[in-house]
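S.K.: Attaching a single structure in C-alpha cells format; questions to follow.
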Amino acid sequence: MGKTIAQKIIAAHLVSGDMTPGSEVALRIDQTLTQDATGTMAYLEFETMGIDRVKTEFSIAYVDHNTLQCGFENADDHRYLQTVAAKHGVHFSRPGNGICHQVHLERFGKPGKTLIGSDSHTPTGGGLGMLSFGAGGMDVAVAMGGGAYYITMPKMFKVHLTGSLRPFVTAKDVSLELLRILSVKGGVGAIVEWGGPGIATLSVPERATITNMGTELGATTSIFPSDEVTKAFLKTQGREGDYIPLESDGDAVYDRIIEIDLSTLKPMIACPHSPDNVVAVDSLKGVKVDQVCIGSCTNSSLLDMLKVAAMLKGKTIAPGVSLSISPGSRQVLSMLAQCGALTDILASGARLLECACGPCIGMGFSPSSGGVSLRTFNRNFLGRSGTKDGQVYLVSPETAAASALTGYITDPMTMEPIPAISLPESFCIDDSAVLPPAEDGSSVEVLRGPNIKEFPKSKAFSQNLAVEAVLKVGDNITTDHIMPAGAKILPYRSNIPHLSKFCFEVCDPSFPERAKAAGDGVIIGGSNYGQGSSREHAALVPMYLGIRCVIAKSFARIHAANLINAGILPLTFENPEDYDALEQGCKLELTDIAGGMAAGRIAIKDQNTGKVFYGSCELTQRQQKILLCGGLLNYTKEGGQ
Ligand code: MIC
Ligand code: SF4
C-alpha cells in the first residue's frame with residue numbers, strides 16, 4: 001500500500017512503535033525550536049537532565065513573545081536563554097529578529113526533516129514539506145537530549161485543492177473555510193495533507209499560513225508536498241541545497257478527503273471568540289472597526305506585507321481605526337524598507353511594531369473596551385487580546401487593509417484591484433542576529449535572574465486518591481483560559497508561584513485560592529479540553545495548585561501530553577452523561593489507580609451520592625510509568641527513557 005507524505009517521513013524517523021493509527025510511535029527528531037515564553041522552562045528542564053550538548057541536527061532558541069521588557073524579568077530571561085543556548089549547542093535568535101515560525105521557515109526549515117517546537121504553531125514548517133509538531137517544553141527538552149518524541153499515530157486527512165484563488169481571496173480564507181467545515185475539533189487525531197492541482201498556485205508563505213492555522217483544527221500537524229514551488233522558495237533564501245522532492249504515493253490511503261475548489265472561495269472572517277466561528281466577510285459588512293492588526297506567525301510574510309502596502313499606497317486609514325503592522329522577521333522588514341513599501345505603509349497612518357508576536361499574545365496593542373479588532377492572527381479566544389470584552393475577528397491581510405481604510409468590516413473584493421505582487425528572486429539574507437553556540441560550552445556561565453523560581457514538585461500516585469472537584473468548566477476550554485498570557489503575566493513564565501495567581505482567571509478568579517485550600521483537586525472539563533497553545537504552564541500551574549487529575553469529555557493532544565508530563569492524570573468520561581451529574585465542589589475518590597491505568601478505566605466514586613462511574617485512560621506503559629512516578633522529570637531522573 002502506498003504512503004502519504006507524513007507516513008513516509010514518520011517511517012524514515014521511526015524509533016519504535018507500529019504505524020497503525022491509534023498506536024504510539026516514537027520519532028527521531030532532527031530539529032527543535034523554542035520560543036522565550038515556553039523556552040525558559042524547557043531549558044530549565046533540559047538542564048536538570050545533565051546533558052552537556054544537544055544531540056539534534058539543529059536546535060534554536062527564539063525570542064519573540066516577551067519582548068516588551070517592562071521590567072527586569074524579560075531581559076533576565078533573554079540573558080538566561082542566550083547563555084544557556086550558547087552553553088549547550090543551541091543557536092539563539094535575538095529579540096527583534098522575528099517570530100520563530102516565520103524565521104524558521106525562511107532560514108532553517110527543511111523538507112523531509114522532523115521538527116518539534118515548544119509552540120503550537122510549529123506546524124507552520126509543513127508549508128515547506130517538513131513534519132513539524134507543537135509540543136510541551138519537556139518533550140522538546142527530551143528531544144534536545146536525543147530522546148524520541150512520542151505521539152499517537154494519527155489518521156490521515158487530505159484536502160484536495162483544485163482551481164485557483166480569485167484576486168483578494170487568500171490562503172487565510174482557505175484556512176478559515178476549512179475551520180468552518182471541520183471546526184476546532186475536526187482535525188483531532190489527524191494529520192492534514194494538502195494536495196491536488198490547486199497547490200501549484202500557492203507559494204510557500206501561503207502554504208505556511210495554511211499549515212500554521214491547521215493547529216486551530218486540533219490537527220496533529222499539517223503538511224504540503226515539497227515540489228518546484230518549494231525549490232524556488234528555498235532558492236530565494238539561498239538554500240537550494242536543502243531541497244528534496246516529496247509527495248504522497250498515488251495509491252496512498254486517506255481516512256477522509258475534503259475537496260475545495262479555490263476559485264469558488266470568498267473572503268472569510270472568524271467571529272469572536274473562536275477561530276471556527278466563520279462566516280463570509282460580506283455578511284458582516286458595515287460593522288464598525290476600532291482596531292486592525294496585521295502580522296503574527298500566520299500572516300507576516302513579505303508577500304502578505306507587500307499586498308497590504310499596495311492596498312494602502314497613497315491612501316489614509318479611517319480616523320476611527322488604529323492600525324498596527326508587525327512584519328514577521330527582520331528579513332521581511334528590511335526588504336519592505338528597501339523596496340519603499342514600508343513608506344507606503346507608514347504614510348497611510350499605520351503604526352509599526354516590532355518583528356515579534358506582539359498583539360497576538362496580548363503583548364501591547366490591546367483594543368479599547370468592547371472594541372472591535374480585526375486581526376490577521378490565528379486565535380481570537382476570549383481575553384487573549386488583553387481586553388476581556390474586546391471583540392476580536394480573524395481575517396486575511398487583504399480584508400484587514402480594506403477595513404482599515406474604510407473603518408468598517410469590508411470585503412476586499414469590493415476594493416479597486418491592486419497590481420499583481422511578485423516576490424523578488426532573491427531575498428535579503430543576513431543571519432547576524434542568529435548567534436551560533438559556543439564551540440566549547442564548558443566555560444560559558446549560564447546567567448539566571450531572580451525571576452527564575454524553582455520548578456514545582458509533583459507527587460507520585462498512591463493506590464487511592466480522594467479529590468475535590470475544584471472547578472467545572474464547559475467545552476473547548478483553551479490553554480488561554482487555564483493559564484492566560486498577556487503583557488502582565490507572560491514575564492512570569494519561569495515563576496510558577498507568581499503565575500499561579502492568574503490560573504483560570506477568565507473563568508473563575510477564585511480558582512487559585514480554592515484549589516490551594518482543597519489540597520488534592522480535580523478539574524471537570526467538557527470536550528476538547530486544553531485546545532490552543534502548547535504552554536506546559538497550563539499543566540504545571542494546576543499541578544502546583546494541587547490538581548492531580550482532569551476528567552473531561554475529551555482532550556486536545558498537546559495538553560493531554562503536557563498533563564501526563566506534569567504528573568496529572570487525564571481521564572475521559574466513559575459515559576459522557578456522567579459529566580452532567582457532577583457538581584463543582586463535589587468530593588470524589590479514585591480507586592486502584594495503578595490497576596485502573598493498566599486496565600484502561602479507573603473507578604471514581606462520588607462521595608456525596610455513592611455513585612460509581614468510570615474514567616477511561618488509554619495510556620501506554622511508558623505513560624503509566626511517567627504518571628505513577630509523578631511526571632516526566634521524575635521518570636527521567638529515575639532512569640526512564
Ligand atoms: C500562542 O499562540 O498561544 C503561543 C503564545 O504562541 C503559545 C505558546 C505560549 O503559550 O507560550 C502556543 O501557541 O503554543
Ligand atoms: Fe506568536 Fe501569535 Fe504565533 Fe503564538 S500565534 S507564535 S503568539 S504570533
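The values are calculated or read from the model by the stated rules, or taken from the named source; none is laboratory data. Just so it is clear, the model here is predicted, and its values are computed rather than measured. All Cβ positions, glycine included, derive from the backbone under ideal geometry; neighbour counts span all protein chains shown.
S.K.: Exactly one of (1) over 18 Å from V550 (Cα atoms); (2) in contact with a Lys or Arg (Cβ under 9 Å, 6 or more places away or on another chain) is unmet by D440. Its number?
M.R.: D440 satisfies every listed condition except (2).
S.K.: Next question, about the same structure. Going by the structure shown, is I604 more than 31 Å from the chain's Cα centre (by Cα) and either of a type outside the set (V, I, T) or outside any loop (DSSP other than H, G, I, E, B) (or both)?
M.R.: Spelling it out, I604 is indeed more than 31 Å from the chain's Cα centre (by Cα) and either of a type outside the set (V, I, T) or outside any loop (DSSP other than H, G, I, E, B) (or both).
S.K.: Tally up the residues in segment 262-289 that are farther than 24 Å from Q531 by Cα and out of contact with any Leu (no Cβ under 8 Å at 6 or more places or on another chain), please. So that I can check it myself, show each step before the final result.
M.R.: Taking segment 262-289 first, the residues farther than 24 Å from Q531 by Cα are 262-267, 280-289.
After this cut, where a residue has to be out of contact with any Leu (no Cβ under 8 Å at 6 or more places or on another chain) as well, the list is 264, 266-267, 280-288.
Looking only at that region, the number is 12.
S.K.: Would you point out the residue of segment 96-106, among those that are away from ligand 1 (no atom under 15 Å from the Cβ) and surrounded by 23 or more Cβ atoms within 10 Å (Cβ to Cβ), that is nearest to F427 (Cα to Cα)? Don't jump to the end; show me each part of the working.
M.R.: Within segment 96-106, the subset away from ligand 1 (no atom under 15 Å from the Cβ) is 96-97, 105-106.
Narrowing the set further to residues that are surrounded by 23 or more Cβ atoms within 10 Å (Cβ to Cβ) leaves 97, 105-106.
Working: N97: 15, L105: 13, E106: 9 Å.
That would be E106.
S.K.: So which residues in segment 537-590 are of a type in the set (F, W, Y) and assigned to a helix (DSSP H, G or I)?
M.R.: Correct list: Y544, Y579.
S.K.: Another one. Is it true that some residue in segment 217-224 is part of a loop (DSSP other than H, G, I, E, B) and away from ligand 1 (no atom under 16 Å from the Cβ)?
M.R.: Yes; the residues of segment 217-224 include at least one that is part of a loop (DSSP other than H, G, I, E, B) and away from ligand 1 (no atom under 16 Å from the Cβ).
S.K.: Anything in segment 381-407 that is part of a loop (DSSP other than H, G, I, E, B), surrounded by fewer than 24 Cβ atoms within 10 Å (Cβ to Cβ) and touching a residue at least 40 places away in the same chain (Cβ under 8 Å)? List them, or say none.
M.R.: F381, L382, G383, G386, K388, G407
S.K.: Moving to a separate point now. Does S175 satisfy the condition of being in a helix (DSSP H, G or I) and either β-branched (V, I, T) or buried (at least 24 other Cβ atoms within 10 Å of the Cβ) (or both)?
M.R.: Considered against the rule, which asks whether it is in a helix (DSSP H, G or I) and either β-branched (V, I, T) or buried (at least 24 other Cβ atoms within 10 Å of the Cβ) (or both), S175 comes out as yes.
S.K.: Consider segment 102-148. How many of its residues are within 16 Å of ligand 2 (Cβ to nearest atom) and in a helix (DSSP H, G or I)?
M.R.: Result for segment 102-148: 13.
S.K.: So which of G546, G615, G631 ends up being in contact with a helix residue (DSSP H, G or I) (Cβ under 7 Å, 6 or more places away or on another chain) and crowded, with 21+ Cβ neighbours inside 10 Å?
M.R.: G631
S.K.: Looking at S348, S422, which one is farther than 25 Å from P275 by Cβ, in contact with a Lys or Arg (Cβ under 7 Å, 6 or more places away or on another chain) and not aromatic (F, W, Y)?
M.R.: S348
S.K.: Could I ask something else about it? Out of all the residues in segment 334-347, is one or more in contact with a strand residue (DSSP E or B) (Cβ under 6 Å, 6 or more places away or on another chain), closer than 16 Å to A400 by Cα and in contact (Cβ under 8 Å) with a residue 60 or more places away in the chain?
M.R.: No, there is no match, as no residue in segment 334-347 is in contact with a strand residue (DSSP E or B) (Cβ under 6 Å, 6 or more places away or on another chain), closer than 16 Å to A400 by Cα and in contact (Cβ under 8 Å) with a residue 60 or more places away in the chain.
S.K.: Here is a follow-up. Suppose we filter segment 258-310 for residues that are over 26 Å from the mean Cα position of the chain (by Cα) and crowded, with 24+ Cβ neighbours inside 10 Å; how many remain?
M.R.: The number of residues fulfilling the criteria is 2.
S.K.: T211: modelled with pLDDT of 95 or more and under 30 Å from H91 (Cα atoms), yes or no?
M.R.: yes
S.K.: Right, here's the next one. If we only count strands (runs of 3 or more DSSP E) wholly inside segment 17-65, which ones have 3 or more residues that are within 16 Å of ligand 1 (Cβ to nearest atom), at pLDDT 95 or above and out of contact with any helix residue (DSSP H, G or I) (no Cβ under 9 Å at 6 or more places or on another chain)?
M.R.: Once the strands (runs of 3 or more DSSP E) in segment 17-65 are filtered for at least 3 residues that are within 16 Å of ligand 1 (Cβ to nearest atom), at pLDDT 95 or above and out of contact with any helix residue (DSSP H, G or I) (no Cβ under 9 Å at 6 or more places or on another chain), nothing remains.
S.K.: Let me ask something else about it. State the number of residues belonging to segment 6-28 that are under 16 Å from M130 (Cβ atoms), buried (at least 18 other Cβ atoms within 10 Å of the Cβ) and not basic (K, R).
M.R.: Matching residues across segment 6-28 total 6.
S.K.: With respect to the numbered conditions (1) assigned to a helix (DSSP H, G or I); (2) out of contact with any Pro (no Cβ under 9 Å at 6 or more places or on another chain); (3) within 16 Å of ligand 1 (Cβ to nearest atom), which one is the sole condition not fulfilled by T83?
M.R.: In the conditions (1) assigned to a helix (DSSP H, G or I); (2) out of contact with any Pro (no Cβ under 9 Å at 6 or more places or on another chain); (3) within 16 Å of ligand 1 (Cβ to nearest atom), T83 misses (3) alone.
S.K.: Being small (G, A, S), farther than 30 Å from R94 by Cα and in contact with a helix residue (DSSP H, G or I) (Cβ under 7 Å, 6 or more places away or on another chain) narrows it down to one residue among A433, A485, A402, A469; which is it?
M.R.: Just one listed residue meets the conditions, A402.
S.K.: Go through segment 301-319 and report how many residues are out of contact with any strand residue (DSSP E or B) (no Cβ under 7 Å at 6 or more places or on another chain) and assigned to a loop (DSSP other than H, G, I, E, B).
M.R.: Matching residues across segment 301-319 total 7.
S.K.: Same structure, new question: Pick from segment 113-148 the residues that are of a type outside the set (A, V, I, L, M) and surrounded by fewer than 22 Cβ atoms within 10 Å (Cβ to Cβ): which of them is farthest from ligand 1 (Cβ to nearest atom)?
M.R.: Applying the filter and picking the extreme gives G146.
S.K.: Only residues that are in a loop (DSSP other than H, G, I, E, B) and in contact with a Gly (Cβ under 7 Å, 6 or more places away or on another chain): list them for segment 477-493, please.
M.R.: I477, P484, A485, G486, A487
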